[in-house]
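A short worksheet on the structure shown next.
Taken together, the values in this text are just the output of simple stated rules run on the coordinates, not laboratory data. This one's a predicted model, so the numbers in the text were calculated from it and none came from an experiment. So basically every Cβ, Gly included, is an ideal-geometry build from the backbone, and we count neighbours across all protein chains shown.
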Amino acid sequence: TAENKSVEYGETPADLTWKVEGLQGEDKRDDLTVTISRPEETSAGRYTITVGGEAVQGKYDIVLANIVADAILFLSKGVADFMKPDAVYIMSGIIDTRAGEVRAEVEKYFTVIEQHIENGWCCMVAKV
């Protein structure tokens with residue numbers, strides 16, 4: 001997270017800093033690569049902060065997201081960038097009461113080709 005900073009007009013720009021929260025298991029702050037930059041021509045405005053580590057790269061035949069509905073809603077907006085042209089996107093871990101909401105959002109980016117609901121859980125398969 002970028003830490004909030006402010007200065008008065010004409011003052012030297014504040015150093016841009018960041019903090020890490022929510023590390024899990026054996027994750028360490030040192031595993032992250034962080035770049036903080038400010039446009040050279042100005043000291044006012046919003047700044048880009050990019051956090052990286054082992055970034056996902058390449059294109060895949062199958063992308064699987066077995067995670068809660070909110071994460072699938074978030075991931076579905078950009079996951080096609082990591083898929084080969086005829087790849088499938090498999091989503092599971094969706095509680096059945098949210099299946100309609102998730103399907104409606106996923107269908108903005110994909111064609112859902114299968115949907116299964118069993119014991120209160122939903123799984124969907126989609127293609128670009």
> Equivalent-ellipsoid semi-axes (√(5λ), Cα gyration tensor) for region 60-128, whole Å, largest first?
Replying inline: 19, 11, 10
>> Applying a 10 Å radius around every beta-carbon, put 58-68, 91-101, 111-121 in order of their mean neighbour count, most first.
In response: 91-101, 58-68, 111-121
>> If I model a spin label at residue 117 and residue 98 as a point 7 Å from the Cα along the Cα→Cβ vector, what separation in nanometres do I get?
In response: 1.5 nm
> Out of 104, 115, 76, whose Cα points farthest toward the positive end of the dipole of region 58-115 (charges: +1 Lys, Arg; -1 Asp, Glu; placed on Cβ)?
Replying inline: 76
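Need the full-extension length gain, residue 60 to residue 82, defined as separation in residues times 0.36 nm minus the C-alpha distance. One decimal, nm. Numbers along the way, then the final one.
Working: separation 22, 0.36 × 22 = 7.92 nm, distance 0.61 nm.
So the extension gain works out to 7.3 nm.
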